[in-house]
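The values are calculated or read from the model by the stated rules, or taken from the named source; none is laboratory data. Owing to the predicted nature of the structure, the values given are computational and were not obtained by experimental measurement. Neighbour counts are summed over all protein chains in view; Cβ atoms, including those assigned to glycine, are modelled from backbone coordinates with ideal geometry.
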Amino acid sequence: MKIRFLILLLSFTIIATSCVSVQVSDNTVTPISADVKKPKNIILLIGDGMGLSQVSTAIYYKDGKPNFERFHTIGLSKTSSASDLITDSAAGATVFSAGVKTYNGAIGVDKDTIAVPTIVEQLSKEGYATGIVATSSIQHATPASFYAHVKSRRMYEEISEFAPNSGVNFFAGGGLKFFNQRKDGKDLLAEMKAKGYEVFTDQLPQTPSEKNELILLAADGMPKMSEGRGDFLPNATKLALEKLSKNEKGFFLMVEGSQIDWGGHDNDADYLIKELLDFDKTLGVALDFAKQNGETLVIVTADHETGGYTLASDGKDYNKIKPSFSTTGHSGTMVPVFAEGPGASLFNGIYESTEIYYKMMALFNK
C-alpha cells in the first residue's frame, strides 16, 4: 500500500512540475505543458470584422496562395461581450489587451468602468518593446484598447492623452487631428516630442528612428485601398518589426486591418475584399519575419464578424461567387484564430476570446 501511495505521489509531482497554468476569464485554470516552447516576441494581427467568410475571400480573390494557408494551428474564438451577445470593437479588443469581458464601447476598462492594465502597459514596464499599427486612427476602438482607459470609445481626444505616457515605442496609423486640432487647444504633438518621440506626419520613414516613433499619416482614418493607401500596412508592419526586434528582451506588436470591418458595415464587397487582401499581404510580412527570426509567435484573429458576409453563389451558377451580406452591423458568429511559431499549439480548440490574452501572457511568463 505504501509503495502504491509513493508511486501515485510521484506521478502527481511529475504532472505538477511539467505544467504551468493559465488563468482564463471564468477563473478556471488551463494547464500548459512545460514542453511548450515559449516565444521571445509576439505579433498579434487583428482583422477587424473578419469572420471565416472574409478569410475565405483570400482563397477566391487573391492571385496566388493566401498567407492564411501558411498557418498550421487554427482555433475558434467566442466573441460575446459582458453586455451583449454581439460585441463591438471596443469590448472585443479589450479582451485581447486586458483579458476581461466588458461592456460594448469600453476602452481598457472593466464593466464597472475601472481601468484594467493592458498587455502593452505590463510588458513596457518589464522592458519589452511595444508597437501599435492600424489603418484606422490610433484612437479608434481596437488600437485605443491597448494603451488607453476611457468609458466610451468616442472619447477620441481623451484617448489621445494616454499616448505620451503609454510606453508604446512605435505608433503608426491615422488620427493626427486628435493631436493638433483639438477642441481644448492642446498641442499633443509637442507633448509627444517632449516625451522623446519623433513625429512623422507626411510619409512612412524608410528606416526606424533611434527614438520612439509616432507616425500619423491621416487626419482621421487612413485612406481606403481603393483611394490609394498602397502598402502602408505591410510596410509599417515591416518598419515596426525592424525597430522593435532591436530590443534584446523581446517585443509585442499589435497590427490591425481596421477597414475590413468598414467594408462590412458598408455592405461593400469590393471595399472588404481589397482590405482583406491587404491584410493577407501583411500576414506575409509577419510570417516571413517569424520564420527568419525563429523566436516569434504570430497570432491572427478578429474581434468579431461584420456584415453577416457570405460567399454565396450567383443564383444557380455554382461557378460564380456573389458576395452578400445579412446585416450592416456585427454578427455573433465565432471567429478564427490562426497561430504559427513557438507556443502556437496553445491556440487550438474553441474558447472565449479572453483566453487569447491569458495565453499570450503565460507565454511571456507573466
Checked the stretch 108-130 for anything in contact with a His (Cβ under 6 Å, 6 or more places away or on another chain) and not in a loop (DSSP other than H, G, I, E, B); matches are Val109, Ala115
Within the stretch 250-270, of all residues that are touching a strand residue (DSSP E or B) at 6+ places or on another chain (Cβ under 8 Å) and among the charged types (D, E, K, R), the one farthest from Ile299 (Cα to Cα) is Asp261
Taking the stretch 150-169 and keeping only residues that are farther than 26 Å from Leu244 by Cα and assigned to a loop (DSSP other than H, G, I, E, B), one is left with Lys151, Ser152, Arg153, Arg154, Met155
Counting only residues in the stretch 109-129 that are touching a helix residue (DSSP H, G or I) at 6+ places or on another chain (Cβ under 6 Å) and buried (at least 23 other Cβ atoms within 10 Å of the Cβ), the one farthest from Ala362 (Cα to Cα) is identified as Ala129
Flagged pairs (Cβ under 6 angstrom, 6 or more apart or on separate chains; first in the stretch 348-366, of a type in the set (Asp, Glu); second modelled with pLDDT under 95) are Glu352/Ser25; Glu355/Val24
Of the listed residues (Ile299, Ile273, Ile260), the one being part of a helix (DSSP H, G or I), under 19 Å from Asn235 (Cα atoms) and either among the β-branched types (Val, Ile, Thr) or touching a Cys at 6+ places or on another chain (Cβ under 9 Å) (or both) is Ile260
Checking Lys291, Lys281 in turn, the sole residue that is free of Cβ contacts under 8 Å to residues at least 12 places away in the same chain and among the charged types (D, E, K, R) turns out to be Lys291
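Residues of the stretch 76-98 being surrounded by fewer than 23 Cβ atoms within 10 Å (Cβ to Cβ) and over 16 Å from Ala141 (Cβ atoms), which ones? Talk me through it step by step, then tell me what you get.
Start the filter on the stretch 76-98 by keeping residues that are surrounded by fewer than 23 Cβ atoms within 10 Å (Cβ to Cβ), which leaves 76, 78, 80, 82-86, 88.
Scanning the stretch 76-98 gives Leu76, Lys78, Ser80, Leu85.
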Selection from the stretch 193-241 of residues buried (at least 22 other Cβ atoms within 10 Å of the Cβ) and among the β-branched types (Val, Ile, Thr) yields Ile215, Thr237
How many residues of the stretch 44-53 are over 9 Å from Phe279 (Cβ atoms) and not in a loop (DSSP other than H, G, I, E, B)? The answer is 4
Problem set entry | Residue within the stretch 71-81 that is over 16 Å from Ile356 (Cβ atoms), in contact (Cβ under 8 Å) with a residue 60 or more places away in the chain and touching a strand residue (DSSP E or B) at 6+ places or on another chain (Cβ under 9 Å) present | yes
The correct count of residues that are in contact (Cβ under 8 Å) with a residue 60 or more places away in the chain and out of contact with any His (no Cβ under 9 Å at 6 or more places or on another chain) in the stretch 221-249 is 15
Taking the condition part of a helix (DSSP H, G or I) and small (Gly, Ala, Ser), does Ala362 pass? yes
Exactly one of Asp288, Asp261 is under 19 Å from the mean Cα position of the chain (by Cα), acidic (Asp, Glu) and crowded, with 19+ Cβ neighbours inside 10 Å, and that residue is Asp261
Quick count over the stretch 215-231, residues being closer than 19 Å to Asn180 by Cα and either among the β-branched types (Val, Ile, Thr) or outside any loop (DSSP other than H, G, I, E, B) (or both), is 2
Note on the stretch 60-73: residues surrounded by fewer than 16 Cβ atoms within 10 Å (Cβ to Cβ) and out of contact with any Asp or Glu (no Cβ under 8 Å at 6 or more places or on another chain) are Tyr60, Asp63, Gly64, Lys65, Glu69
The residue that is nearest to the chain's Cα centre (by Cα), considering only those in the stretch 306-330 that are over 20 Å from Gly257 (Cα atoms) and outside any strand (DSSP E or B), is Thr327
**Message:** Condition (residue is under 17 Å from the mean Cα position of the chain (by Cα), assigned to a strand (DSSP E or B) and surrounded by 20 or more Cβ atoms within 10 Å (Cβ to Cβ)) applied to the stretch 99-107: is it met by at least one residue?
**Reply:** yes
